[in-house]
Amino acid sequence: MSELGLDDRLFLYAAGGLEADECEAIEARLAERDPAVRAALERAEAMLARLPLALEPRLPARDVGARLMARARAELEARGGATQERVGGTGSMGSGLATQASAGTPRSAWSDRTGWWAAAAAVLLGLGIAFGGFRLGHRDEQSHLALARAEASARALATSAEARVEELLRDRETLESRLAVLEDEIASLRTRDVDLEGLEREFEERLESERALAEAARARAATLESELEDLAIRLASVARELANERASREVLEARLERIPALEARLTATVRALDLVRAPDSALIELVAEQGGERGSASVFWDRGLRHCYLHARSLAPAAGEATYALWVEYLSGRRVRITDFDFAPGEREIDAFADLPVGLGEITRTFVTRETGPDATTPSDEIVLSELVVEPGTPGAAGGRRYERRAL
């Protein structure tokens with residue numbers, strides 16, 4: 001065995017084919033932790049592991065022992081015949097040859113014993129080879145069985161793993177679909193939150209606008225009261241002038257010509273002031289309809305819808321023969337032209353007082369148009385001012401228009 005190389009001895013060590021002392025020698029080499037010995041052992045183990053896969057298991061023939069014994073007997077018989085021929089000799093050799101033959105008898109017995117030992121050794125060697133082949137075949141068969149069991153177990157594990165993976169994939173698809181639904185719901189909620197915040201800001205802005213308009217109305221009422229006082233003072237002055245200047249008829253007539261206009265304006269102003277100060281008057285705010293237009297207006301009417309007062313602001317003068325017209329639309333759909341007005345160059349505000357038609361019902365809409373003539377009975381498409389709407393709604397519906405009852 002010592003004549004074998006290190007790789008061969010390590011292979012036999014891994015296969016369990018060494019004697020005890022040889023195994024101890026190999027283990028002593030391994031205990032030295034030599035990397036070359038360790039690498040050679042790993043190669044031998046790998047080769048031994050691949051050996052069952054490379055060769056089919058083959059058992060030794062059943063008659064190998066009988067054939068070895070027959071061969072040994074044939075060799076012994078052949079050697080025995082040759083010895084007898086040497087011992088017999090020929091007749092011419094005499095007694096000396098017989099004496100030599102008798103003296104050679106012990107040598108032939110030793111040769112026979114040697115042949116029997118050789119035959120026995122050959123038989124034992126054949127039995128060892130047969131046993132080793134049977135052992136290797138049995139080990140190969142066990143390796144194949146273990147490999148088959150391992151493959152079956154691996155296939156079962158692979159099948160179970162594939163089923164588990166498919167189940168996990170289905171669960172993943174379910175979770176992804178649920179996640180998509182939740183993300184859509186979250187996006188919808190965020191959109192609603194943004195819309196609610198926008199509505200809240202819009203409501204606050206409109207509330208501030210209404211407060212500003214209310215303050216403007218109070219300021220306008222104070223201005224009208226001041227104008228009324230001024231007119232009263234001017235009327236008193238006119239009366240005094242009439243009393244003091246009766247001698248001058250021309251002056252008196254000129255002043256008398258002014259009195260009807262002043263009285264009409266005073267009457268209209270008083271009526272407008274009474275209408276504005278009435279506790280149950282209604283207020284409608286009009287704003288510019290087009291982005292390029294400027295201006296606004298406030299429209300007051302009494303509870304019985306008999307009188308209307310218009311206060312317009314910051315409109316440019318109507319071009320040429322055109323004029324501004326105030327329209328109201330009733331619940332029946334009928335539109336009525338209430339009054340016309342226009343701004344002089346540089347004029348910032350203008351007032352108009354008019355009577356409303358009686359018996360036409362609830363007013364659902366108020367607006368101002370630019371008309372080319374005074375005879376039109378239907379409004380033109382050029383709407384200049386329209387109502388300030390608080391929130392969407394049908395005409396006349398509660399909350400659909402900026403309609404305010406004022407109590408001053």
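Order by neighbour count: Trp327, Trp301, fewest other Cβ atoms within 10 Å first, most last. Numbers along the way, then the final one.
Numbers: Trp327 19, Trp301 23.
Listing Trp327, Trp301 from fewest to most nearby Cβ atoms yields Trp327, Trp301.
Among Leu231, Leu315, Leu179, what is the fewest-to-most ranking by other Cβ atoms within 10 Å?
Numbers: Leu231 16, Leu315 24, Leu179 10.
So the residues, fewest neighbours to most, are Leu179, Leu231, Leu315.
Dipole of segment 1-54 (Lys/Arg Cβ +1, Asp/Glu Cβ -1, origin at the Cα centre): which of Leu6, Ala36, Gly17 lies farthest to the positive side?
Farthest along the dipole direction, towards plus: Ala36.
Using modelled backbone amide H atoms (1.01 Å from N, in-plane), which distant-in-sequence or interchain residues come within less than 5 Å of Glu382's amide H?
When sequence neighbours closer than 5 places are left aside, the close amide H contacts are Arg370.
For Glu32 and Leu168, FRET efficiency with R0 = 45 Å and r from the beta-carbon atoms, rounded to 0.05? If you can, show how the numbers build up before the last one.
Working: r = 51 Å, r/R0 = 1.13.
The computed FRET efficiency comes out at 0.35.
Calculate, in nm to one decimal, what Ala46 and Arg190 gain on full extension: separation in residues at 0.36 nm each, minus their alpha carbon distance. Don't skip to the end; give the middle numbers.
Working: separation 144, 0.36 × 144 = 51.84 nm, distance 6.52 nm.
Stretched out fully, the Ala46 to Arg190 stretch lengthens by 45.3 nm.
Using modelled amide H (1.01 Å from N, peptide plane; none on Pro or chain starts), what sits under 5 Å from the amide H of Ala318, excluding residues fewer than 5 places away?
So Ala318 has HN proximity to Phe343.
Quick one: what Rg and Dmax do you get for segment 1-54 from the alpha carbons, in Å?
Considering segment 1-54 through its Cα atoms, Rg and Dmax are 11.0, 33 Å.
Give me the number: length gained by fully extending Ala74 to Ala232, i.e. 0.36 nm times residue separation minus the C-alpha to C-alpha distance, one decimal in nm. Present the calculation step by step, with values, prior to reporting the outcome.
Values: separation 158, 0.36 × 158 = 56.88 nm, distance 16.87 nm.
Going from the current span to full extension adds 40.0 nm.
For each of Leu224, Leu10, Leu331, count neighbouring Cβ atoms within 10 Å of the residue's Cβ, then give the residues from fewest to most.
On the way: Leu224 19, Leu10 26, Leu331 13.
By the 10 Å Cβ count, ascending, the order reads Leu331, Leu224, Leu10.
Readers should treat all values here as calculations from the given coordinates under stated rules, not as data from a laboratory. These figures come from a predicted structure and were not determined experimentally. Counting neighbours? That spans all protein chains shown, and the Cβs are built from the backbone with ideal geometry, glycine included.
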